[in-house]
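First the structure, in the form of structure tokens, and then the observations on it.
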Amino acid sequence: MHDVVKQLSKIGIVPVIKIEDPADAAPLAKALIAGGLPCAEVTFRTACAKEAIAIMVKEFPEIIVGAGTVLTKAQVDDAIEAGAKFIVSPGFNPEIVKYCQEKNCPIVPGINNPSGIEAALELGLDTVKFFPAEQSGGIAMIKAMSAPYGKVSFMPTGGIGPANVNDYLAFSKIACCGGSWMVKPEMIAAGDFDGITKLVREAVDVMLGFKFKHIGINPSGDTAANASETLKNYFSFEPKVGSKSIFASPEFEMMNEKGPGTNGHIAIQTNNVDRAVYHLERRGVKFDYSTATYDDKGNMKFIYLSDEINGFAYHLVK
């Protein structure tokens, strides 16, 4: 997987943008960054795509801007000259792929069948765009195709929105998803960049899926066993005994000895801990990396925030 694709994978969602007026490029980039998605695929469906990419890259160098709907070598040249960091095409054209490779510019070509995957593999690619995603069978089709092509990752685009984005991102072979629901053309035309920022933030929150998991309470007199037994007597919560604590219920963890946090800790569940850390750090959250744990594939599955909130430590868990 190319380094640029790895960066996009951390972000999770790539806004697919059609810009009609170059004057919208800078405020749109600002809105994307403010909302939490510092990336964009600017489609070559309008005459000002090259100019829009150049403006975004110049005004906001931190944003990862790519060129989409690239069909010709001339468009490849325009995209690279404008500062595009990656190129996306709706279909698989070997000549365009080879040309991008000659230019050392990563390309993610569109496919929706096994033959397309094999053509991509033949040219040394390991990430492809699955397009049009929903119309081509959606995540079920991707899972079916992934079985014989275990090293290929996908960037599905087409028909993806808040209702199904996590169906895709939950599958380990999905690098990221392309979508346009948070950058509606009518909102861009109306200059509603505050509204776009709000939709982008909502898209990030939907993707991360934050929700309360459990509270862990440090001992303050009663032992964990006594506390959990009392809760059982009062509320019929059946305790589950562990090595360091007793879960009086799935939501109440009674610690055997003082753990992180003055009063205890609160666990927040998320769909992807690595992505959650990336996005929360962008929001100013600090993490204690010494507490991080990982699965056998190197994916983070647990980490504590550095700071307490109202006497409680907080940790993320998948």
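Nothing in this text is a laboratory measurement; each read-out follows from the coordinates by a stated rule. This is a predicted model, so every value here is computed, not measured. Here the Cβ is made from the backbone with ideal geometry for all residues, glycine too, and neighbour counts use every protein chain on show.
Extension gain Ala190-Glu308, at 0.36 nm per residue separation less the Cα-Cα distance, in nm?
38.3 nm
Assigning unit charges at the beta carbon (Lys, Arg +1; Asp, Glu -1) and nothing else, what dipole magnitude in debye, to the nearest 20, does region 218-289 show about its Cα centre?
280 debye
When we measure straight from the Cα of Lys58, which lysines land under 19 angstrom away, once same-chain ones fewer than 8 places off are left out?
Of all the lysines, those that pass the test against Lys58 - Cα under 19 Å, at least 8 places apart if same chain - are Lys18, Lys30, Lys50, Lys85.
Over all alpha-carbon pairs of region 211-317, lay out the pair-distance distribution in 10 Å bins, whole %, shortest bin first.
With 10 Å bins starting at 0, P(r) equals 15, 42, 30, 12, 1.
Using the Cα centre of the chain as the reference point, and only Cβ charges (+1 on K/R, -1 on D/E), how large is the resulting charge dipole? Debye, rounded to the nearest 20.
380 debye
Given +1 on the Cβ of Lys and Arg, -1 on the Cβ of Asp and Glu, and no further charges, what dipole in debye does region 134-216 carry about its Cα centre, rounded to the nearest 20?
440 debye
Quickly estimate the mean residue ellipticity at 222 nm for the chain, helices only: each DSSP H run with n ≥ 4 gives -39500 (n - 2.57), and the total goes over all residues, rounded to 500.
The helix contribution divided over the chain gives -10500 deg cm²/dmol.
Give me the Kirkwood hydrodynamic radius of the chain in Å, from all C-alpha pairs, to one decimal place?
By the Kirkwood definition, the hydrodynamic radius is 21.5 Å.
Using modelled amide H (1.01 Å from N, peptide plane; none on Pro or chain starts), what sits under 5 Å from the amide H of Tyr294, excluding residues fewer than 5 places away?
For Tyr294, whose amide H was placed from the backbone, the distant partners under 5 Å are Lys301.
What is the sum of charges, Lys and Arg at +1 and Asp and Glu at -1, for the other residues whose Cβ falls under 12 Å from the Cβ of Ile55?
Net local charge, Ile55 excluded: -1.
Cα to Cα, under 12 Å, and not fewer than 8 places away if on the same chain: which aspartates and glutamates meet these conditions relative to Lys301?
Cα-Cα hits under 12 Å: Asp274.
Please give every one of the lysines within straight-line cross-link reach of Lys151, meaning a C-alpha to C-alpha distance under 20 Å, and leave out same-chain neighbours fewer than 8 residues apart.
Result set, ordered by chain and number: Lys6, Lys10, Lys129, Lys143, Lys173, Lys297.
Find the Cα radius of gyration of region 149-235, compare it with 2.2 N^0.38 Å by division, and give the number to two decimals.
So the Cα radius of gyration is 1.82 times the expected 2.2 N^0.38 Å.
What's the ranking of 73-80, 47-54 by average number of surrounding C-beta atoms within 10 Å, highest first?
So the order, starting with the most tightly packed, is 47-54, 73-80.
Rank Thr223, Phe235, Tyr294 by how far each Cα sits towards the positive end of the charge dipole of region 211-317 (+1 on Lys, Arg Cβ; -1 on Asp, Glu Cβ) and give me just the farthest.
Tyr294
Fewest first, what order do Glu118, Glu186, Glu134 take by the number of other Cβ atoms within 10 Å?
The order, fewest Cβ neighbours first, is Glu186, Glu118, Glu134.
From largest to smallest, what semi-axes in whole angstrom does region 1-160 give when each is the square root of 5 times an eigenvalue of its alpha carbon gyration tensor?
26, 17, 14
With springs only between Cα atoms under 10 Å apart, run a GNM on the chain and tell me which of Leu32, Leu305, Leu123 wobbles the most.
Leu123
Taking every DSSP beta bridge with both residues inside the chain, roughly what % is antiparallel (nearest 5)?
Of the beta bridges lying entirely in the chain, close to 40 percent run antiparallel.
State, to one decimal in nm², a quarter of the convex hull surface area for the C-alpha atoms of region 122-277, i.e. the direction-averaged projected area.
Mean orientational projected area (region 122-277, Cα hull): 14.8 nm².
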